[in-house]
1. Once the Cα atoms of helix 273-283 and of the chain are each reduced to a long axis, what angle between those two axes, in degrees from 0 to 90 to the nearest 10, is obtained?
2. Calculated FRET efficiency, Glu135 and Gln417, Cβ-Cβ r, R0 22 Å, to nearest 0.05?
3. Got a sec? Charge dipole of segment 73-412, +1 on Cβ for Lys and Arg, -1 for Asp and Glu; which of Tyr225, Trp184, Leu315 is way out at the positive end?
4. Out of the total accessible area of the chain (probe 1.4 Å, heavy atoms of protein only), what percent is carbon and sulfur?
5. Along the positive direction of the dipole of segment 73-412 (beta-carbon charges: Lys, Arg +1; Asp, Glu -1; about the Cα centre), which of Asn272, His117, Leu384 reaches farthest?
6. For helix 115-134, what angle does its Cα long axis make with the longest principal axis of the chain, in degrees from 0 to 90 and rounded to 10?
7. Of the cross-linked pairs Lys235/Lys354; Lys152/Lys295; Lys152/Lys354; Lys354/Lys387; Lys337/Lys390; Lys94/Lys152, which ones have a Cα-Cα span greater than 29 Å in the structure shown?
8. Given R₀ = 51 Å, what would the calculated FRET efficiency be for Asn149 paired with Ala331, taking r from the Cβ atoms and rounding to 0.05?
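The values are calculated or read from the model by the stated rules, or taken from the named source; none is laboratory data. Computed from a predicted structure; not experimentally measured. We place every Cβ from the backbone using ideal geometry, glycine too, and count neighbours over all the protein chains shown. We work out accessible area using only protein heavy atoms, side chains counted, and drop any ligands, DNA or RNA first. Shrake-Rupley method; radii C 1.70, N 1.55, O 1.52, S 1.80 Å.
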Amino acid sequence: MLRVRCLRGGSRGAEAAHLIGAMLGRAVTGWVQSAFQSTSSAAAAQPRHAAEHVTEPVHQECPVCSYNEWDPLEEVIVGRAENACVPPFTVEVKANTYDKHWPFYQQYGGQSFPTDHLKKAVAEIEEMCNILRHEGVTVRRPEPLNWSNEYKTPDFTSSGMYAAMPRDILLVVGNEIIEAPMAWRARFFEYRAYRPLIKEYFRNGAKWTTAPKPTMADELYDQDYPIRTVEDRHKLAAEGKFVTTEHEPCFDAADFIRAGRDLFVQRSQVTNYMGIEWMRRHLAPDYKIHIISFKDPNPMHIDATFNIIGPGLVLSNPDRPCIQVDMFKKAGWTVVKPPTPLIPDDHPLWMSSKWLSMNVLMLGEDRVMVDANEITIQKMFESLGIKTIKVNIRHANSLGGGFHCWTTDVRRRGPLQSYFH
């Protein structure tokens, strides 16, 4: 069985070495354990025996290792709908939502999502977790915090939102967890729900990086961003104009998608070029960042527009075609256009589009978690030889995400490879 172990030294791409566990003898170094040995005075004051027997430390497997979106999934973080609040209706929220939902934000901003809807979303995600466990995946959860509290920084005042979408805030690259800085003021303190988990992973050998936290001062946002119609959005996106400026780096992790040594990212309403450049420098030279773009009037998070589901296999939203699609075809990739979503028009999608149908979670190259109501995309996957694991999360969709959004894969079983040439 292929195992992943954390080794000290070497380049970032080689930090997680892949070894055959059954062929190895006892480990010869215990740097992870020794790094976390207590140095307290109480420990130092304990009596020492004349002849101490030093036990050879056991080399610990790294709990974090994931290079792509499709290797066999072993451990995952699933978000929480508990205590989720509607974000205040600020300029960055307005730019990422459609006008038909603006009265909802004006009425409920800073308050809980509708109670009955939220209860159903909580139940759906619990069932999703149960099914993941049944499929052999270890499920971890963030802390259930109170997001209704108002907070104030020197630059703004806001209340919180939720810890529902770990994909937005956490990006795993190899054995490193990267905390994204985010771009919505309502999500400024979202990282707090994940810190206990991240500290646990760090203590057990994972790397942990927090990207520069933006001040989210007024200068980060175009306060006069002119949104009135869909036509406005198309025009602004085509001109490369977004509600976030280049005042300071910002990005959501969900604007990146991984394929081994290559990561693909879009400039969006929440990810600016400074944020992309920070990631490029941070991951170089072991990983390459490619900026791609789409005919999308409201770009925010790449995984319901361009979702890589296997080596050289990608779902590409036909309503938001990729402008650089030819470079994938020239690289020998298969670009699949998913069918039109079946979600009813009257189902509330306050924070997303119907294309959450393609926001799937791969459990392996041959297994996918897909919405139980989306019959046509199930048939598409079956035609590709991929088994569908059907789960209903319709009410959870309303909070802004599908299966990919609601999760961050912590560990997948597979080596670092190049898939894009």
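1. So the helix axis and the longest Cα principal axis differ by about 20 degrees.
2. 0.40
3. Highest projection toward the positive end goes to Leu315.
4. Numbers: 9340 of 18260 Å².
Accessible surface attributable to carbon and sulfur in the chain totals 51 percent.
5. Result: Leu384.
6. 40
7. Over 29 Å Cα-Cα: Lys152/Lys295; Lys152/Lys354.
8. Computed FRET efficiency for Asn149 and Ala331 comes out at 0.60.
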